[in-house]
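Below is one structure; the comments refer to it alone.
Taken together, the values in this text are just the output of simple stated rules run on the coordinates, not laboratory data. In this text the structure is predicted, and so the values were computed from the model without any measurement. When we count neighbours, we look across all protein chains shown, and the Cβ atoms used for this are built from the backbone with ideal geometry, even at glycine.
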């Protein structure tokens with residue numbers, strides 16, 4: 001990867017301490033992760049100049065931040081708080097597509113693997129709806145953004161709480177940012193937030209929900225992804241990309257009323273952790289370079305294809321550019337316009 005001191009891309013999200021039980025592969029115990037890391041490597045497959053924006057507790061491993069900085073990323077926007085926070089996350093794959101984040105004791109028992117001390121006292125986060133008024137300790141604020149981060153020209157907001165996603169875009173637009181993409185968090189992809197979409201999506205360049213989150217938002221109203229993409233675009237967003245995992249993605253360009261189906265690249269699936277975030281990072285890089293939604297989706301899909309081939313996100317930083325480009329050209333021939 002070519003490093004750069006130029007802040008081209010601003011990525012806002014969460015850093016985690018991940019433990020993963022992949023399907024038929026060795027366990028990963030307590031490694032750096034989180035949507036911020038995966039989105040950053042998704043960008044870095046194609047370009048340099050990545051700046052990270054996040055909040056971490058005083059207990060987050062300092063050596064991990066040093067490691068991320070060694071990748072050529074700017075961490076001035078990673079704010080260390082005075083209190084301790086629980087950054088742990090756990091993923092167990094029952095097969096190559098079915099994920100469980102429930103009690104890790106069950107997962108390690110079923111796998112006949114000793115329970116790691118790093119997960120003692122861990123409880124999975126509750127499945128609750130986001131608050132419209134109360135921030136969490138991880139909620140980002142205007143004061144968290146270094147002034148020079150606003151010199152970036154493109155930003156991606158990883159899945160965060162509703163307040164962070166509401167607050168950040170207006171602040172970023174006051175800088176030089178001409179492109180802002182967003183992947184929503186499941187905490188507000190609920191019908192009670194439909195009336196908030198115009199305020200949330202107005203001025204956003206691209207909105208990239210997963211299929212499950214899109215259907216959750218429109219439950220009892222529509223199960224038609226084309227209809228859902230049109231409704232989301234009508235709320236004020238130029239481009240809607242619905243991520244469908246191993247089935248690729250649906251891209252809707254509202255300006256030209258054009259739709260495409262982009263299939264997933266047929267790579268070897270080892271671990272899907274972070275695949276959606278890497279997809280979004282690739283989309284941001286592709287869109288900033290071409291301002292073409294289809295080209296951006298192709299870049300996104302290739303970023304995802306490399307992510308799922310390993311449980312270590314760092315391996316994407318070592319991918320040869322010609323290999324990424326070859327996959328891109330191969331995938332372009334499989335796109336279907338609808």
**Q.** Label of the coordinate-derived value, Cα extents along the principal axes in Å, listed as (1) 69, 52, 51; (2) 55, 46, 42; (3) 72, 45, 42
**A.** (2)
Q: Would you mind computing, in nm to one decimal, how far apart the modelled labels at residue 100 and residue 118 are, each placed 7 Å from Cα along Cα→Cβ?
A: 2.1 nm
Q) Once you put a point 7 Å from the Cα of residue 84 and another 7 Å from the Cα of residue 6, both along the Cβ direction, what distance in nm separates them? A) 4.4 nm
Q.
To check my understanding: the extent here is largest minus smallest coordinate of the Cα atoms along each principal axis. What are those three numbers for segment 158-246, in Å, largest first?
A. 38, 25, 21
Q: Can you tell me the relative contact order of the chain? Whole percent, Cα pairs under 8 Å, sequence separation 6 or more.
A: 18 percent
Q: Mind giving me the FRET efficiency for residue 221 and residue 29? R0 is 45 Å, r the Cβ-Cβ distance, nearest 0.05 is fine.
A: 0.60
Q) Hey, what number do you get for the chain at 222 nm if only DSSP H runs of n ≥ 4 count, each worth -39500 (n - 2.57), divided across all residues, to the nearest 500? A) -9000 deg cm²/dmol
Q: Given the options 59, 246, 213, state which has the largest fluctuation in a GNM of the chain using a 10 Å cut-off (strictly under) for Cα springs.
A: 59
Q: Could you check which residue among 232, 194, 284 shows the biggest mean-square fluctuation in a GNM of the chain with a 10 Å Cα cutoff?
A: 194
**Q.** Ordering of 21-33, 219-231 by burial proxy (mean other Cβ atoms within 10 Å per residue, highest first)
**A.** 21-33, 219-231
(Q) Assuming 0.36 nm per residue, please report the length gained on full extension of the stretch residue 195 to residue 309 beyond their Cα-Cα distance. (A) 37.1 nm
Q) Roughly how many nanometres apart are two label points built 7 Å out from the Cα toward the Cβ at residue 246 and residue 141? A) 4.4 nm
